[in-house]
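The values are calculated or read from the model by the stated rules, or taken from the named source; none is laboratory data. Everything numeric here is computed off the predicted structure, so don't read it as measured data. Methodologically, a virtual Cβ is constructed for each residue, glycine included, from the backbone with ideal geometry; neighbour enumeration extends over all protein chains shown.
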Amino acid sequence: MESTILLAWIGAILFIFLTALSLVTVGLSWWTRRQERLEEQDRQHVRDELFEQIDREPQARESWIAGLSDRERAVLTSLVEHYLRLLSGQERARYQELAAELALGARAEADLTADPLGDRLQAIAMLSLLDHPISHDRLEETCVRSQETREAAARLLLERREEFEQPAARATRLLLWEGTEPLSVYGLETLSRLNAGEESPLLDLAAEHVSKWNTAVVSQVCLVIEHTEQLDPGASIDWLFPLLEHSDPELRAAAVGAFTPFGWREDIRNRLDVRSLLADPAPVVRKATYALLTEWGGSLGHELLLRAVRTEPNDRARLAAMRGLHSIEPNVPVSAVEASRSAWIWIHAEQAILEGDALELPEPTGSVA
Amino acid sequence: MSEALSVLLVDDDDDLRELLRFHFERKGYDVRALADGREALEFLRTDNVRPDVIVLDLLMPDIDGREFLRHRRETPELERIPVIVLTGLEDEDILEEVFELGADDYVTKPFSPKALLTRVAHVE
């Protein structure tokens, strides 16, 4: 009897608790939805006013700006930032003008020393969109404390490069700093864009400092070099060669990839011991070498890739070799590479999918890899 | 849609959609603005009217710009409507694909609304 009453009490309490929880959840959901609707209405209202005001002279919109509530001003700031990212030409110039009237640049500069990291990042992002004057010294003073702010400041230097001296070199130095913190994808993209041109400060910086950087950073630098077009043709890459003998196979592989843009240089082709790389015990290094040979092309590349598809013991590396061979010689018959039949089929299936064609499988034979 | 030239804007960015609406309406266009490719296809399939031109974003949820172009290519009467792609992507392969899928022109962001209006007028 007592246990029944106890169970009944527990049931009642659970019921009340779950009912209360449901009501709170529904209520919160309604409240959130209501807030979102009000915010959307606010945004629409401010946006409509913005479109009416944007073509007016600054003096004519002074009273409008002065009359904005804090909430409206915040919405307007968000809209101006968004449109500055989307627009170019005369229209963008108008939004720049409005941004100055709203003192967005001054506010952003003040926020460079704000405490929350998010506010500092937001400030740097805003400054990268505006033509509010900001010196490199001020950026160095305020933005070097963390990798995130260094990356954002480097992007600012990239976006406003015409206003600074040696922007590529300064921004590259900011990004790599002491070479102890790997870059984010954003930082890597910035680094690549900074060094795609006649100047390649990354190569000069690496030549001087690579021995002090940690392996993760060096690997990233190699990756950027591998994928950056139009590197400085006269830059020295002597510092890359010792990396090919590093104890870390991933770094060796990254270093191999970094030679990719230099295939047109006969001195590099002659100096790089490709056969030694193909004998590397790590499959990842051999795979990177097949990719390099694919990009460099030529009769030596063809010969070595053909040999690799017949002899490479690692499946992934062999697939890379087959992919490379196929790109140099698309019509290589399966009979020439019978030891890598499955890799041949894979590559042709890939191509068929990309081109929307039917795959024609070769006739089966006695030997299948 | 009235006898004024009509444009269908397809972009999931609310602010951009309204900005474009403002510029096109100011130029005298009749504007319909939709937030994704699925809405745009449903609008084109269920209504009797046809816009004179479509301005299409590529990156959208659900049915994106490329998927929209594929669907458009399968419907002869939709294929006749010129499409200008407005995109933040600058990848050459993607742009080549966009033309192969039947787009008539493209504009990359950041862009000038005035230049876009000129392109739209030229492509009609």
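At a glance:
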item	result
Condition met for A:Glu148 (crowded, with 17+ Cβ neighbours inside 10 Å, acidic (Asp, Glu) and under 18 Å from the mean Cα position of the chain (by Cα))	yes
All positions within segment A:232-251 that are of a type in the set (Ser, Thr, Tyr) and loosely packed, with under 11 Cβ neighbours inside 10 Å	A:Ser247
Test result for A:Glu109, within 17 Å of A:Tyr186 (Cα to Cα), acidic (Asp, Glu) and either within 14 Å of another protein chain (Cβ to nearest Cβ) or outside any loop (DSSP other than H, G, I, E, B) (or both)	no
Residues located in segment A:205-222, provided they are under 24 Å from A:Ser276 (Cβ atoms) and surrounded by fewer than 17 Cβ atoms within 10 Å (Cβ to Cβ)	A:Ala207, A:Ser211, A:Thr215
Residue identified as closer than 21 Å to A:Gln90 by Cα, modelled with pLDDT of 90 or more and within 10 Å of the chain's Cα centre (by Cα) among B:Leu56, B:Leu86, B:Leu117	B:Leu86
Residue list for segment A:1-24, filter: over 47 Å from the mean Cα position of the chain (by Cα), assigned to a helix (DSSP H, G or I) and of a type in the set (A, V, I, L, M)	A:Ile5, A:Leu6, A:Leu7, A:Ala8, A:Ile10, A:Ala12, A:Ile13, A:Leu14, A:Ile16
Which numbered condition B:Phe68 misses (of (1) more than 30 Å from A:Asp55 (Cβ to Cβ); (2) in contact with a Gly (Cβ under 9 Å, 6 or more places away or on another chain); (3) surrounded by fewer than 19 Cβ atoms within 10 Å (Cβ to Cβ))	(3)
Helices (runs of 4 or more DSSP H) within segment A:265-369 that include 1 or more residues modelled with pLDDT of 90 or more and not hydrophobic (A, V, I, L, M, F, W, C)	A:266-271, A:274-278, A:283-296, A:298-311, A:315-328
Whichever residue in segment A:277-313 is among the hydroxyl-bearing types (Ser, Thr, Tyr) and touching a residue at least 24 places away in the same chain (Cβ under 8 Å) and, among such residues, is surrounded by the most Cβ atoms within 10 Å (Cβ to Cβ)	A:Thr289
Counted residues, segment A:42-69 - those being part of a loop (DSSP other than H, G, I, E, B) and either among the charged types (D, E, K, R) or touching a strand residue (DSSP E or B) at 6+ places or on another chain (Cβ under 9 Å) (or both)	3
Single unsatisfied condition, A:Arg316 versus (1) of a type outside the set (Ser, Thr, Tyr); (2) in contact with a helix residue (DSSP H, G or I) (Cβ under 8 Å, 6 or more places away or on another chain); (3) farther than 18 Å from A:Pro249 by Cα	(3)
Segment B:8-33, subset part of a loop (DSSP other than H, G, I, E, B) and either among the hydroxyl-bearing types (Ser, Thr, Tyr) or within 10 Å of another protein chain (Cβ to nearest Cβ) (or both), residue nearest to B:Arg45 (Cα to Cα)	B:Tyr29
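Here's the yes/no breakdown for (1) within 14 Å of chain B (Cβ to nearest Cβ); (2) under 37 Å from the mean Cα position of the chain (by Cα):
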{"position": "A:Val26", "(1), (2)": "no, no"}
{"position": "A:Gln35", "(1), (2)": "no, yes"}
{"position": "A:Gln41", "(1), (2)": "yes, yes"}
{"position": "A:Arg47", "(1), (2)": "yes, yes"}
{"position": "A:Leu84", "(1), (2)": "yes, yes"}
{"position": "A:Ala103", "(1), (2)": "no, yes"}
